[in-house]
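Trainee: What follows is a single structure, and I will ask about it in a moment.
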Amino acid sequence: MTLRMLDDQLKRLELGERFVRRNPLYYGAIHRQLAQLEQAGIEQRKQWTQARLRKILQFAARTPYGKSVGGTDDIASWPLLDKSKVRDTPTAFHSGRTWFTAHASTGGTTGMPIDLIRSPEAIVAEQVCLDRMMIGLGVEPTEARTAVLRGDNIKDPTDLTPPFWRYALGGRRLLLSSNHLTEATLPHYVRELREFEPEVLWVYPSSLELLCRLLSASGETLRIPRVLSSSEVLKPGAWLLARQILGCKIADYYGQAERIAFAFGFAPTQYFFLPGYSYVELLPHSSDGSAPAFEIVGTSLWNEAMPLVRYRTGDLLRLPWNYGDTEIEQITYGMCAFEGVIGRDQEVLYAPDRMRVLTGIDHIQREVEHIVRIQVVQEALDRVLIRVVPARGFSEADAKRLERNARNKIPRSIDVRIEVTETLERTQQGKTPFVIHRPPVREAIRQSGLTAPERG
């Protein structure tokens, strides 16, 4: 049995938590190592990272891609790696250690479906990082009662009758639908959360902001002691709103399906890269006149099955003008804070009632074959266009699968149209955003009081 089959069967059971994501063969050692590095100075962090990096580069050098570029155990011998290369030929990045691996796919912020495999160590390392966030919040991760308000598909988005949730992990986890949260359904959510009494609420930032604004507008009160946030930008204003409305302590973290960089913060604008997770580089990108932007480039230190070297995330952060090589190095090794990742809060749509934020839009293209890329354009609150750049072999069956996926996230009150095209819309800066909101949508959201995404 492959690890993928095992994880699919057990992912909501205690056995899955214990023997896949917290595999005792790896968990204790990885946890201890990351904990030690967080207490270490920069020289010790650099020495350990460089030693681990050489080991990973040896696996990477065995891949077809590594052989084609002449990569060695010296990071300087490797070129920067674009997402498109991994998307087009994912098996070229397999090291040969693919028997006991987990498969995954991602659309990410770019809308490019990418097929990935992860080694057992990589799966456990990711879980260790998440557990360290929970520990930082003051709870035991294997025992905490956790409510989840993220991208789970609980039911048809047009069905507005409760329940809008289901339970997992023997009743220890409450999975709530973000796409059904409205002013009308809020009382059902409040009652269920009060009865469940979560120790932690794990959220998308857009869902957290919506919940808090609905609570504020309705006069309802709800206290949740801790919030774990990820997958979108958590703006300082939303962070402070959640503290005020829920009375919570917050941890926010940044990562990707490719698992090549991990950063976290327990206070607004105070983020740190987690030492020992990956080798991070900051590539000069652009400047808007206020502060220069750097692109996050990462190399996994744990995924021996599919080692991605100098992988360009497309995600940006800003640093002060006076930061030089010394300060940048301190940031990449987690010794110095930065304000946070910018430009990742555009992956949502808005429902016609203006108070529903539809999340998980980056899941629409997952597991749909023969697609190069998609772009989602919300032309009006009740109208969405999905542009598809097809790969060879794209068929009506692929289009229908894409539409079915879309309907898992988008209610039927919104018209959805699929358009096959050879080109996608770009910004004046030459960027190709995954989600585009037309001016009428942005104006409607502005009037509703929600935070509209910033232009890309």
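Laboratory data are not the source of any read-out in this text; all were calculated from the coordinates shown. Predicted model, so just to flag it, every value in this text is computed and none were measured. Note: ideal-geometry Cβ built from the backbone for every residue, glycine included; neighbour counts use all protein chains shown.
Trainee: Dipole of the stretch 128-254 (Lys/Arg Cβ +1, Asp/Glu Cβ -1, origin at the Cα centre): which of Ser207, Leu149, Ile224 lies farthest to the positive side?
Mentor: Towards the positive end, the residue furthest out is Ile224.
Trainee: Once you have the Cα-Cα distance between Arg383 and Gln36, take 0.36 nm times their residue separation minus that, and quote the gain in nm to one decimal.
Mentor: Computed gain between Arg383 and Gln36 is 119.8 nm.
Trainee: Over the chain, what is the relative contact order in percent, taking alpha-carbon pairs closer than 8 angstrom and at least six residues apart?
Mentor: 16
Trainee: So what's Rg/Rh here for the stretch 297-346, counting alpha carbon atoms and using the Kirkwood radius for Rh?
Mentor: A ratio of 1.03.
Trainee: Work out the FRET efficiency for Thr91 and Gln244 from their Cβ-Cβ distance, taking R0 = 35 Å, and round it to the nearest 0.05.
Mentor: 0.10
Trainee: Can you compute the helix-only [θ] at 222 nm over the chain? Use -39500 (n - 2.57) per DSSP H run of at least 4 residues, normalise by all residues, nearest 500 deg cm²/dmol.
Mentor: Result for the chain, helices only: -9500 deg cm²/dmol.
Trainee: From zero up to wherever the largest Cα-Cα distance of the stretch 237-290 sits, split into 5 Å bins and tell me the percent of pairs in each.
Mentor: For the stretch 237-290, the pair-distance distribution reads 4, 15, 19, 17, 18, 15, 9, 3.
Trainee: Treating only the Cβ atoms of Lys and Arg (+1) and Asp and Glu (-1) as charged, compute the dipole magnitude of the stretch 349-448 about its Cα centre; round to the nearest 20 debye.
Mentor: 240
Trainee: With only Lys, Arg, Asp and Glu charged, each at its Cβ (+1 for the first two, -1 for the last two), find how big the charge dipole of the chain is about the Cα centre; round to the nearest 20 debye.
Mentor: The calculated dipole for the chain is roughly 480 debye.
Trainee: Then there is this: For the chain, what is the per residue volume of the convex hull drawn over the alpha-carbon atoms, in cubic angstrom?
Mentor: Spread over its residues, the Cα hull of the chain gives 145 Å³ apiece.
Trainee: Can you compute 3J(HN,Hα) from phi for each residue in the stretch 234-251, using the Karplus curve 6.51 cos²θ - 1.76 cosθ + 1.60 with θ = phi - 60°, rounded to whole Hz and x for Gly and Pro?
Mentor: Values per residue, Gly and Pro as x: 9, 6, x, x, 5, 4, 5, 4, 5, 4, 5, 7, 9, x, 10, 8, 10, 10 Hz.
Trainee: How much of the DSSP beta bridge set in the stretch 192-285 is antiparallel, as a percent to the nearest 5?
Mentor: Details: 7 of 15 bridges.
If I count the DSSP bridges inside the stretch 192-285, around 45 percent turn out antiparallel.
Trainee: Also: So what is the orientation-averaged projected area of the stretch 128-254, using the convex hull of its C-alpha atoms, in nm²?
Mentor: 7.3
Trainee: Give the percent of DSSP beta bridges with both residues in the chain that are antiparallel, rounded to the nearest 5.
Mentor: Percent antiparallel among DSSP bridges in the chain is about 60.
Trainee: Hey, another quick one. For an R0 of 25 angstrom, estimate the FRET efficiency from the Cβ-Cβ distance between His103 and Arg392 and round to the nearest 0.05.
Mentor: Working: r = 23 Å, r/R0 = 0.90.
The value I calculate is 0.65.
Trainee: Then there's this: Taking the Cβ of each residue in Val309, Val86 as the centre, tally the other Cβ atoms inside 10 Å and list the residues starting with the fewest.
Mentor: Val86, Val309
Trainee: In addition: What's the FRET efficiency of Arg412 with Asn153 using the Cβ-Cβ distance as r and R₀ = 22 Å, to the nearest 0.05?
Mentor: That pair, Arg412 with Asn153, gives E of 0.90.
Trainee: Largest first and in whole Å, give the semi-axes of the stretch 349-448's equivalent ellipsoid, each being the square root of 5 times a Cα gyration tensor eigenvalue.
Mentor: Working from the Cα gyration tensor, I get semi-axes of 24, 17, 10 Å.
Trainee: Mind checking the full-extension length gain between Gln447 and Arg194? Use 0.36 nm per residue of separation minus the Cα-Cα distance, one decimal, nm.
Mentor: 88.0 nm
Trainee: Among bridges DSSP assigns within the stretch 349-448, what percent are antiparallel (round to 5)? Before the final figure, lay out the partial values.
Mentor: On the way: 10 of 19 bridges.
Of the beta bridges lying entirely in the stretch 349-448, close to 55 percent run antiparallel.
Trainee: Based on the alpha-carbon gyration tensor of the stretch 207-306, what equivalent-ellipsoid semi-axes (square roots of 5 times the eigenvalues) come out, in whole Å, largest first? Kindly include the intermediate steps, with their values, before the conclusion.
Mentor: Numbers: eigenvalues 195, 62, 23 Å².
Over the Cα atoms of the stretch 207-306, the ellipsoid semi-axes are 31, 18, 11 Å.
Trainee: Between Ile342 and Gln270, what length in nm is gained on full extension when 0.36 nm per residue of separation is reduced by their alpha carbon distance?
Mentor: 24.6 nm
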